[in-house]
Amino acid sequence: MKNIAKIIMISTAMCGLISCDDFLDREPQSSLSPETYFTNSSQLKAYTDRMYPEILLSHSNAGNYYGIYGIDKDTDNQAGGEASDIYADGLWKVPHSESNDWNFLWIYHTNFFLSNVLARYGEDISGSQNTIEGSLSEIKHYIGEVYFLRACEYFKRYWKFGDFPIVTEPLSDDREALIEANRRMPRNEVARFILSDLDKAAQLMADQDMSTNRINRDVALLLKSRVALYEATWLKYFKGTPFVPNGEGWPGKSKDYNANYEYPSGSIDNEIDYFLGQSMEAAKEVAEKYKGSLTVNTGVLQQSVDEPKNPYYEMFASQDLSNYPEAMLWRMYARNLVTHETDIMANSGNDRIGVTRGFVNNFLMADGTPVYRNGSYADGNGYYMGDKTLHDVRQNRDSRLTIFLKEPGQVNILYEDPVGTEAQMIEPYPQITTVESQRGNLTGYLLRKGASFDQGNYLNMNCYSASICYRSVEALLNYMEACYEKNGMLDNSAQEYWRLIRKRACVDTDFERTIAQTDMNEEAKNDWGAYSGGQLIDATLYNIRRERRCEFLAEGLRYMDLCRWRSMDQMIDTPYFIEGFHLWNTPMEDWYEDSELLADGSDEATVSSPSISEYLRPYQRNSKQVCYDGYTWHLAHYLTPIMYKQFLVTLESGNNVEDSPLYQNPYWPLMADQPAEK
């Protein structure tokens, strides 16, 4: 135990030894002695434990590890307090040095572990020369976890930057070697590297049955299916552009080391097919194992202690998820030890992050028909009740909307606890005119996803319900999409998975009926995912995307999906206006005093004018707001620019950044503080 404590302290201290201003983040190897600290399985576990929060907590695509509110706010799903510079003209600029995205700190830590541990265990991961003490299956598992964590770190950078350096060893403090290590590998090679790490992780973790608080083989396969699907769809929808290797204007061609690049499979089409196949294979193994254990959804929001709990709702609001097989990896919190704020945000104003009208409209009716097939959005036809009250908009809908969309008068706390102090017992009307408070709301549409009914979970901004990292339902969705993208049809497994998901959502399982009634021009009003490359997609693929959108409500996957589908091109020429609930000329207008609803376009305006739209437009209160004229898009924004300083520190001599082994992402300039060129 002394050794375990020591390794944790040393590993923590390592963070302070690393300079983020260097060519690659690294540390003196003398800061940790592998001869002392990599000799038994408990020490391997301690080192791995140290990396869990640092890598998974910052792994934004790990679902709800942070908490629900904020991770989808800059998409067509949710809107935050101020519009993002991503959707404005000329505000997102190349940073000079203030970017932490291009960072190798935890990649170094994983490489340090693997280089030292594999030397004792066996470089070919067979364990042929293992000298590490302890259970062999545990040793293999912890090594597998580190391969998984390295894959996470690479995926986090790959989906932001595309082409990226592949570094597998802890580099020495040698200038020439560090400069050489900055060479960007083509994005598909980075994806293949990530898949290779996940294959190793899955192989090594196969023999050890860990709790779902720890990474396991199934999680590795699920992430593999996600990464492979990401790369396949990116290559497909950006084919021929500078965003893929050998596409016209690909900046990688400018460097000798990529000048004659050839795809490992022979062509980009073969590469797309390869990644789709990899995604299907990994997803199916997980889907077949978990398809019978998806968490039950009663379709009803519990509103009294005498009513049965809805397990699907509780999966996002419970302290212990051990009895939820669908939660494949989750984090446990504890009062006064490790806490978060999700419950409080969900119980109040969602931290001024609101669901958009487009997302609400996108949810199907319970009979599987699109909303617009049931009268107008405002008035409905008696089955769809219209959107003039929050009560009406929730009726007869996909239960994922019904149970998670708040309505004034609902009971928020069923189990009172005198210790809890922060909870709202009864849901009030949305405080859309409150700007500087966590109880204020931006769009009028509020989520309760993640809000516990137990008041004991609300204590001075300290909540401790569990957070989900990965859910098995993603495997079903990944398989459906990869199958259709690869084959242009849904096989029996994909059809089965789709029916299971819709059944769980309490929506009619006849997805063919939904497809037949889908009007893509109408869907395009509500969903950026209706497009790829500025063109409307077919109705089947669209409904697969819709299912994904609705299932992962506020779980952090939306922006990544929109990028890989190339779903923002249409906004280059046609701005998109974020809207909230139906405020003007509805009973909901009467919730507010006339003096509260100031809509004169002044700096003090609290809401948008009814002359613009009857629906609340959070970024059109006054003309000084970012994106007042709507969300716009630049092609460059599909990838993150590399900070200018990284080019400077990778020069062998002089100050001509063109001589760096790095190249900037498409349409971003090689100058600091400059916006995208296209």
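The values are calculated or read from the model by the stated rules, or taken from the named source; none is laboratory data. For clarity, every value in this text was computed on a predicted model and none was experimentally measured. Here the Cβ is made from the backbone with ideal geometry for all residues, glycine too, and neighbour counts use every protein chain on show. Note: areas computed on protein heavy atoms with side chains; ligands, DNA, RNA excluded. Shrake-Rupley method; radii C 1.70, N 1.55, O 1.52, S 1.80 Å.
Spin-label model, M489/N260: points 7 Å from Cα along the beta carbon direction are separated by 4.3 nm.
Computed across the range 243-308, the Kirkwood hydrodynamic radius from all distinct Cα-Cα pairs reaches 16.6 Å. Computed from phi, the 3J(HN,Hα) profile of the range 164-175 under the Karplus parametrisation 6.51, -1.76, 1.60 (θ = phi - 60°) reads 7, x, 10, 10, 10, 10, x, 6, 6, 7, 10, 4 Hz, with x in place of Gly and Pro. Solvent exposure of L91, expressed as accessible area, is near 80 Å², computed with a probe of 1.4 Å over the protein chains only.
Per-residue ellipticity at 222 nm from helix content only, as computed over the chain with -39500 (n - 2.57) for each DSSP H run of at least four residues, stands at -10500 deg cm²/dmol.
Backbone N atoms of the range 630-648 closer than 19 Å to the 7 Å Cα→Cβ label point of K678 belong to residues 632-642. Working from the Cα coordinates of the range 521-678, the gyration tensor eigenvalues give, after taking √(5λ), semi-axes of 38, 24, 13 Å in decreasing order. When peptides 304-310, 669-675 are sorted by average Cβ neighbour count within 10 Å, with the highest value leading, the order is 669-675, 304-310. With R₀ set to 56 Å, the beta-carbon distance separating D367 from S602 gives a calculated FRET efficiency near 0.75.
Between I612 and I572, what's the calculated FRET efficiency when r is the beta-carbon distance and R0 is 30 Å? Round to 0.05. Let's see the in-between values first.
Numbers: r = 23 Å, r/R0 = 0.75.
It comes out at approximately 0.85.
Relative to the longest principal axis of the Cα atoms of the chain, helix 268-290 runs at roughly 70 degrees.
With all protein chains kept in place, the per residue accessible area of the range 126-168 amounts to 27 square angstrom at a probe of 1.4 angstrom. Of the GluC sites (Glu not before Pro) found in the range 97-160, those that fall in a DSSP loop while having at most 15 other beta-carbon atoms within 10 Å are E98, E123. Taking Cα atoms only, the orientation of helix 41-51 departs from the longest principal axis of the chain by about 50 degrees.
In debye, nearest 20: dipole of the range 318-403 around its Cα centre with unit charges on the Cβ of K, R (+) and D, E (-)?
Values: 9 positive and 10 negative charges, 25 e Å.
That gives the range 318-403 a dipole magnitude of about 120 debye.
Taking θ as phi - 60° and the Karplus parameters 6.51, -1.76 and 1.60, the scalar couplings of the range 195-208 work out to 4, 4, 4, 6, 4, 5, 4, 5, 5, 6, 8, 5, 8, 10 Hz in sequence order, x denoting glycine and proline. In straight-distance terms, cross-link reach from K486 covers every one of the aspartates and glutamates whose alpha-carbon lies under 19 Å from its own, apart from those fewer than eight places away in the same chain; here that gives E231, D269, E271, D273, E281, E285, E474, E496, D538, E547, D561. The alpha carbons of the range 316-455 occupy a box of 51, 39, 23 Å along the principal axes, longest dimension given first. For the chain, the longest principal axis of the Cα atoms and the long axis of helix 473-487 meet at an angle of about 80 degrees.
Over all pairs of distinct alpha carbons, what does the Kirkwood formula give as the hydrodynamic radius of the range 175-318, in Å? Don't skip to the end; give the middle numbers.
Working: mean 1/r = 0.0542 Å⁻¹.
This gives a value of 18.5 Å.
In the full protein context, the range 273-364 carries 37 Å² of accessible surface per residue, based on a 1.4 Å probe and ignoring ligands, DNA and RNA. Convex hull volume per residue, computed on the Cα atoms of the range 418-502, equals 167 Å³.
For the range 360-384, the residues whose amide N sits under 20 Å from a probe point set 7 Å from the Cα of N521 along the beta carbon direction are 362, 370-378.
For the chain, the fraction of 1.4 Å probe accessible surface lying on carbon and sulfur atoms is 47 percent.
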